[in-house]
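Derivation of every value follows stated rules applied to the coordinates shown; laboratory data play no part. Just so we're clear, the structure is a prediction, and the values are computed from it rather than from any experiment. Cβ coordinates were reconstructed from backbone atoms using ideal geometry, including for glycine residues, and neighbour counts include every protein chain displayed.
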Amino acid sequence: MKLRTLRLLSALLLVSLLLSEQSVPLAYAVGYVVNTTADDTNDETTAPIYCTLREAILAANNTPANDDCGPGSNADDIITFSVSGTITLGSTLPAIVGGQGTLTIDTKSYRHPRKVLLA
């Protein structure tokens, strides 16, 4: 009798867990690679496609100006650089907004230190 009761309770627990399961969207880290020292949000539609620092920050904020860097993200993100040089800013960079995960800006990416200056 105890074994039957235990089996019945286990089955009920399993069924209740399966029925009460809520669908939770998974958040994955997204990487954006800045591959130009330009500072614009021009939408490149033919190769080469350039991802600027400004566009990468906007995409990490989940408000992409275009798809040059890839889709927007509300998860943890990392911005890396495949170029060296000075990025001369035309205006203040977008604020990094809260509630969109953690944003890491890594200037020592691609196994080689890169010197990236903001002017």
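A few points about this structure:
- Ranking of Cys51, Cys69 by count of other Cβ atoms within 10 Å, fewest first: Cys51, Cys69
- Potential lengthening of the chain between Ser91 and Lys108 amounts to 3.7 nm, from the contour at 0.36 nm per residue minus the alpha-carbon distance.
- Net lengthening on full extension, Glu44/Thr63 (0.36 nm per residue, minus Cα-Cα): 5.1 nm
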